[in-house]
Amino acid sequence: MSEPLFIVSQEDWSLHRKGYQDQMRHQEKVKEAIKKNLSDLISEENIILSDGKQIVKIPIRSMEEHRFRYNYNKGKHVGQGDGKSQVGDVIGREPAGKQGGKGQGAGDQPGADYYEAEVPVEEVENILFSEMELPRLQQKEESEIVTRDIRFTDVRKKGLMGNIDKKRTLLETLKRNALRGKKGFGPISDNDLRFKTWEETVIPHSNAVVIAMMDTSGSMGVFEKYVARSFFFWMTRFLRTKYDKVEIVFIAHHTEAKEVSEEQFFSKGESGGTICSSAYRKALQIIDERYSPHKYNIYPFHFSDGDNLTSDNEKCIKLVRQLMECSNLFGYGEVNQYNRHSTLMTAYKNLKDPKFMHYVIREKAQVYDALKHFFEKKPEGAVV
């Protein structure tokens with residue numbers, strides 16, 4: 001009986017895992033593209049007017065495969081010097097290359113290749129909402145709402161490159177080299193890679209109610225209403241995604257204010273004059289009847305174009321102060337596309353209470369900045 005033959009192969013099997021590595025690179029590129037285009041994505045009309053289950057397209061720079069290529073742009077060089085040149089001496093420089101850019105007019109330089117990747121709205125939400133939280137949450141008499149948070153709890157050998165644990169990866173490299181009698185870090189192999197993994201944890205909080213007030217008067221044009229609805233659309237999805245039992249109250253107003261359904265709030269068209277104090281009175285009435293400050297964290301948010309009846313401004317300041325006494329925070333957003341004079345913002349500049357927050361939006365992309373401003377996530381351990 002002949003002895004079996006054995007073949008020892010030194011083939012680099014890491015090359016056969018190219019598909020997995022490319023998949024990880026693609027996912028990282030998608031995340032990077034979402035973050036880069038977030039301010040434009042969340043102001044897209046087809047998302048705001050949909051049921052939130054849309055597919056959005058984001059531009060992603062194409063990833064070229066590594067390969068040897070001849071550089072046709074490289075210039076020819078002639079040896080020069082007196083024979084005393086050392087390695088590393090600069091004896092000449094290539095002229096700066098021209099690259100394709102942006103601007104008006106036709107150009108003759110090639111640009112970077114981009115392709116559009118289809119991404120579900122949920123992925124956009126995950127990145128946006130990870131930067132947001134209800135501010136100044138306090139412990140109340142009854143705890144009902146819970147918030148879902150991401151905690152890194154384990155380390156594994158597989159994962160996204162964005163979650164790589166650099167310290168543990170370097171430690172594994174040192175261990176492997178030490179076992180082989182080598183000093184230093186040396187090359188990092190795929191077996192050395194360590195990734196942080198996360199799990200969703202549920203954190204109980206006290207009850208909370210968010211009161212959304214929107215100006216629907218005749219001075220609110222198409223742009224103003226669209227921006228206000230965009231803000232409240234993402235605010236509503238954020239609250240319902242991250243907090244299980246938070247309540248949302250919708251108030252629409254012109255010269256009079258009334259509580260409306262969510263559907264009416266996002267589709268109702270109105271006209272007439274503007275008396276913002278009517279919305280604040282309605283909010284105080286609802287708080288008094290249904291939401292005791294001893295049991296609820298209260299967050300009133302008001303969006304307007306700032307064009308209020310001048311004689312009503314003093315009443316507004318008085319009522320806003322009353323709202324702040326029973327609220328964790330009062331947020332005022334103003335849509336002012338052309339930087340015109342605002343009677344309401346002029347009056348609110350006298351409010352110096354830390355509970356009063358405001359933001360002026362001049363273009364659609366600033367809806368993202370307004371969301372981050374009002375719902376900024378504080379680092380763990382930060383004192384609010």
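Under the rule of at least 5 residues apart or a separate chain, name every residue whose amide H is placed under 5 Å from the amide H of Asn207.
The list, which skips near neighbours in sequence, is Lys140, Glu142, Glu144, Ile145, Asn297.
Quick one: which residues, 5 or more positions from Ile248 or on another chain, have an amide H under 5 Å from its amide H? H modelled 1.01 Å from N in the peptide plane, none for Pro or chain starts.
Hits under the 5 Å cutoff: Val210.
Distance cut-off 22 Å, Cα to Cα: go down the list Lys36/Lys372; Lys225/Lys268; Lys225/Lys378 and report the pairs above it.
Lys225/Lys378
In which sequence would Thr274, Thr236, Thr169, Thr310 go, from the one with the fewest C-beta neighbours within 10 Å to the one with the most?
Least crowded to most crowded, the residues run Thr310, Thr169, Thr236, Thr274.
Short version: ³J(HN,Hα) in whole Hz for each residue of segment 159-176, in order, from phi by Karplus 6.51 cos²θ - 1.76 cosθ + 1.60 (θ = phi - 60°), x for Gly and Pro, what are they?
In residue order, the calculated couplings are x, 7, 5, x, 9, 5, 9, 5, 5, 5, 5, 5, 5, 5, 5, 4, 4, 4 Hz.
Could you go through segment 311-322 in sequence order and give the Karplus-derived ³J(HN,Hα) for each residue, using 6.51 cos²θ - 1.76 cosθ + 1.60 with θ = phi - 60°, rounded to whole Hz, and x for Gly and Pro?
5, 8, 4, 4, 5, 4, 4, 4, 6, 4, 4, 5
Rank these for me by crowding, Ser278, Ser130, Ser311, Ser292, going from fewest to most other beta carbons within 10 Å.
Least to most surrounded, the residues fall as Ser311, Ser130, Ser292, Ser278.
Where a ≥ b ≥ c are the square roots of the eigenvalues of the C-alpha gyration tensor, would you call segment 211-283 rounded, which needs a/c under 1.5, or, failing that, prolate if a/b is larger than b/c, or oblate?
In terms of gyration-tensor shape, oblate.
Which shape class applies to segment 207-374: rounded if a/c is under 1.5, otherwise prolate when a/b exceeds b/c and oblate if not, where a ≥ b ≥ c are the square roots of the Cα gyration tensor eigenvalues?
Rounded is the answer for segment 207-374, as its axis ratio a/c remains below 1.5.
Suppose R0 equals 22 Å. What FRET efficiency, 1/(1 + (r/R0)^6) with r the Cβ-Cβ distance, do Arg168 and Ser130 give to the nearest 0.05?
Using R0 = 22 Å, I get an efficiency of 0.45.
Gain in length, Ile188 to Lys349, computed as 0.36 nm per residue apart minus the alpha-carbon separation, to one decimal in nm?
That works out to 52.2 nm of additional length.
Read the figures in this text as sums done on the coordinates, not as results from a lab. Small disclaimer: the values here were computed from a predicted structure and weren't measured. Counting neighbours? That spans all protein chains shown, and the Cβs are built from the backbone with ideal geometry, glycine included.
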